[in-house]
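What follows is one structure encoded as structure tokens, with my remarks underneath.
Where a number appears in this text, it was derived from the coordinates with a stated rule and is not lab data. Predicted model only: the values in this text are computed from it and were never measured. We place every Cβ from the backbone using ideal geometry, glycine too, and count neighbours over all the protein chains shown.
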Amino acid sequence: MGDTNVNLAELIGSRICHDLISPIGAITNGLELLEMVGGTQGPEMELITGSVGSAGARIRFFRVAFGAASDQPLGRSEVTDLLRDVERAGRVRVHWNVTEAMPRNQIKLAFLAIMCCESAMPMGGEVKIDSVGDKWTVTGTADRMNVDPDLWKGLPTGTFANKVTPAQVQFALLPQTAAAQGRRVSAETGATRVVLRF
């Protein structure tokens, strides 16, 4: 996949997320209005509210991970708020140890790396993101890891022995997106830990 394909993938990602954010926001507003006028309450309403909140958070996460990204900075509080919203619906806890605002295109790489770590932790775990200068380290730890050796071995080159599935698309996008920024991805895997650097 060349730069043109990466750009097309980013444009498609941006378009889909942009078009879905508005209706999900409208549903959220509608639910808040129902609550204000004393509409239905109970487990059904909680389920709907939770699901809509989870979908909205995931789309905002995908917008950064898959959408077009410039070197415009994204602040720490905006990133941590988004990650906290995503965490509520998942089993993975994310620790964003980056104190400064960072360029959005670098955060995009970190989000793709988080998704790679998540795929190796089906029972949950923790992901820690650190940045020194413009060098990033993303570390995933879990009691039980399910590492696909082909995917992790292919990360530095972006070439894989088997066809990448939709659930694994982050593994194909991370090295290509990194290369477009003049970076190279390295990956280490162990029994309870995976480490990505770029």
Fill in: Cα-centre dipole for the chain with unit charges at Cβ (Lys and Arg positive, Asp and Glu negative), debye to 20
560
Practice prompt. For the chain, set up a Gaussian network in which alpha carbons nearer than 10 Å are linked by springs, and say which option among PHE160, PHE66, PHE111 fluctuates the most.
Written response: PHE160
Response to the item:
So, over other residues within a Cβ distance under 12 Å of ARG60, counting Lys, Arg +1 and Asp, Glu -1, the net charge is 0
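Could you give the DSSP H helices of the chain that reach 30 angstrom or more along their long axis (alpha carbon positions) and whose average Kyte-Doolittle hydropathy is no lower than -1.0?
Details: long enough: 3-36 (49 Å, 0.47); 43-66 (33 Å, 0.47).
Counting only whole DSSP H runs, the qualifying helices are 3-36, 43-66.
Which value, in debye to the nearest 20, gives the size of the charge dipole of segment 149-198 about its Cα centre, when Lys and Arg are +1 and Asp and Glu are -1 at the Cβ?
Working: 6 positive and 2 negative charges, 21 e Å.
I would put it at about 100 debye.
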Item to complete: Report, in deg cm²/dmol and to the nearest 500, the calculated mean residue ellipticity at 222 nm for the chain, where each DSSP H run with n ≥ 4 adds -39500 (n - 2.57) and the sum is divided by the residue count.
Response: -17500 deg cm²/dmol
Worksheet entry | Among ILE12, ILE129, ILE114: highest mean-square fluctuation, GNM of the chain, C-alpha pairs under 10 Å | ILE12
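How big is D, in µm² s⁻¹, for segment 3-197 by Stokes-Einstein at 25 °C and 0.890 mPa s if Rh is the Kirkwood radius over C-alpha pairs?
Numbers: Rh = 17.7 Å.
The Stokes-Einstein estimate is 138 µm²/s.
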